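Quick notes on the structure that follows.
Read-outs: derived from the displayed coordinates by stated rules, not from any lab. Every value quoted in this text rests on a predicted model; they were computed, and no experiment measured them. We place every Cβ from the backbone using ideal geometry, glycine too, and count neighbours over all the protein chains shown.
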Amino acid sequence: MKLNRKIAKTKTRGYLELCKPNILFMVLVTTVLGFYLGGGKIFSSLLFYTLMGTGICSGGAGALNHYIERKSDRLMERTKNRPIPSGLIHPSEALIFGIILVLFGCTLLSWKVNLLTGFLSLLTAFLYVLVYTPLKKITWLNTTIGSIPGAIPPMGGWTAVSGNLDVEAWLLFAILFLWQHPHFFAIAWVCRDDYKNAGFKMLPVVEKDGDRTIRQIFWHLTLLIPVSMLFYVNGNSGWIYAICVFALSIFFAVSAVPLAFNRTKKNALLILKASVIYLPLLLVLIIIDKVFFHGL
């Protein structure tokens, strides 16, 4: 699994990269999930405006993250070819671009969807850009703080339909919050030399033996099992979801076992690969259960 990126060759591609397409895609997918589970119609103008506003705001937050971390990006192999450090886009251009996108996206959501959804999108950008990003240079707890804005998008999809933060929206938040910890700890393990060079206080960087990182990974993987089952417990999903998600969660947890015994980048990559398998399969399970098997 390659974590480095090729240099963008045009300004258009550069601006697209500023928006962090991979993160943007996950934001949009989880927003659709929250919207659908909240009772929204997939083919509707409401979903269109929800995704447009959320996507624009998320892209702006990504651009502002690029701007703030431009000096650190120059020091890391995986980020030295990003648009700002490569010289393709001037820092001031990225700053203005990011601010305009965030303000326009949140305004669009507040106007065409509702104020709560617009507020959640603004809160996501604020936490990601002005809280999580600076904390990466201060404390390893940045991963936990950064998992909060990463877990808000499905709540925004939910509130776009209902206008309220119901229990199910909080369950979606909790699942994504827990999932991000093993996912990003694994990335930090694989890239810890880069992070160390840039001065980022990721947990695998600040400790030598990896014991706390292993504990954090297993702690969040263990919590993910009962939390993901709560959709079944509270009656929002059927027994097929319960069986499949339990097996899927065990698979995710087992992927961390090799790293506990042999602390290599190869074994950290196993967790990372399992995490990118787990999340889309979980989302598919939730949707399939709702469409075909709910109540069985």
Rounded to one decimal in nm, the spacing of the 7 Å Cα→Cβ label points at I277 and T12 is 3.8
Those helices of the chain passing the 30 Å axial Cα length cut-off and the mean Kyte-Doolittle cut-off of -1.0 (DSSP H runs only) are 45-68, 91-112, 167-190, 211-233, 265-288
Highest GNM mean-square fluctuation among T50, T30, T107, for the chain with Cα springs under 10 Å, belongs to T107
Ordered by fewest other Cβ atoms within 10 Å, a rough proxy for footprinting exposure, K20, K266 read K266, K20
Note on segment 166-296: contact order normalised by length, alpha-carbon pairs under 8 Å, 6 or more apart, percent, works out to 30
Expressed in nanometres to one decimal, the distance between label points 7 Å along Cα→Cβ at F126 and F104 is 2.3
Quick calc: nm separation of the 7 Å Cα→Cβ label points for K265 and F218 -> 2.5
The answer for chymotrypsin sites (Phe, Trp or Tyr not before Pro) in segment 33-75 that fall in a DSSP coil and have at most 10 neighbouring Cβ atoms within 10 Å is F43
Within the set G157, G34, G199, GNM on the chain using Cα springs under 10 Å gives the largest fluctuation to G199
Restricting to Cα pairs under 8 Å and 6 or more apart, the percent relative contact order of the chain works out to 18
Most exposed first, judged by fewest Cβ atoms within 10 angstrom, V291, V205 run V291, V205
Over all pairs of different Cα atoms in the chain, the reciprocal of the mean inverse distance gives a Kirkwood radius in Å of 19.7
